[in-house]
Amino acid sequence: MEFVEPVRIINILNGYVDIAKRRLYKQNNRVKTMTVLDVENNETYTMRFEDYVYFNALHFDKETKHIKLLIDSVYPDTKYDDTCISAIVPERHDWTPQITSEEELLKKYKEKEKEIF
């Protein structure tokens, strides 16, 4: 998998997730463990998933534009013999607060308030 911009985090929504068809989550295999290869930086990571619906985040040590996902083990399906991942959402940077004090936070809030009203 290659990204246009370098990423620092990937968020994975494991399994077949559809709010209108909840039964499909258990009817399809879900990833239990996965190896993530950061091809660009020659790093290897292991992701472990619990068997419920949530986004699991992997934070890379360095930004990367090229990864490979290898499924190591799955939670077994009850009907369909396939493995599903509903979403992979990359993030460019680790989130770090830009506001360092309560006073600065209040100032930013008041500025935004003026823009809205």
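For D38, only one of the following conditions fails: (1) at pLDDT below 95; (2) in contact with a strand residue (DSSP E or B) (Cβ under 7 Å, 6 or more places away or on another chain). What is its number?
(1)
Checking the conditions here, which among D72, D18 is touching a Leu at 6+ places or on another chain (Cβ under 8 Å) and either surrounded by fewer than 17 Cβ atoms within 10 Å (Cβ to Cβ) or outside any strand (DSSP E or B) (or both)?
Details: D72 fails: touching a Leu at 6+ places or on another chain (Cβ under 8 Å).
D18 is the lone residue from the list that is touching a Leu at 6+ places or on another chain (Cβ under 8 Å) and either surrounded by fewer than 17 Cβ atoms within 10 Å (Cβ to Cβ) or outside any strand (DSSP E or B) (or both).
If you take the residues in region 75-92 that are part of a loop (DSSP other than H, G, I, E, B) and within 12 Å of Y16 (Cα to Cα), which one is farthest from the chain's Cα centre (by Cα)?
Of the residues in region 75-92, the ones part of a loop (DSSP other than H, G, I, E, B) are 76-82, 92.
Applying the additional criterion that residues be within 12 Å of Y16 (Cα to Cα) yields 77, 80, 82.
On the way: D77: 22, Y80: 24, D82: 21 Å.
Per the criteria, the residue is Y80.
Do we find a residue being more than 15 Å from the chain's Cα centre (by Cα) and of a type outside the set (D, E, K, R) anywhere in region 47-61?
No, region 47-61 contains no residue that is more than 15 Å from the chain's Cα centre (by Cα) and of a type outside the set (D, E, K, R).
Might you check whether a residue that is of a type in the set (S, T, Y), assigned to a loop (DSSP other than H, G, I, E, B) and either surrounded by fewer than 14 Cβ atoms within 10 Å (Cβ to Cβ) or in contact (Cβ under 8 Å) with a residue 12 or more places away in the chain (or both) occurs anywhere in region 58-65?
Looking only at region 58-65, we keep the residues that are of a type in the set (S, T, Y), and these are 64.
Filter again for assigned to a loop (DSSP other than H, G, I, E, B), leaving none.
No.
Do you know which of the residues in region 90-115 that are among the hydrophobic types (A, V, I, L, M, F, W, C) and modelled with pLDDT under 60 is nearest to N11 (Cα to Cα)?
Checking each candidate, the answer is W95.
The values are calculated or read from the model by the stated rules, or taken from the named source; none is laboratory data. Bear in mind that the values here come from a model prediction, so they are computed numbers and not experimental data. Ideal geometry is used to build each Cβ from the backbone, glycine not excepted, and the neighbour counts take in all protein chains shown.
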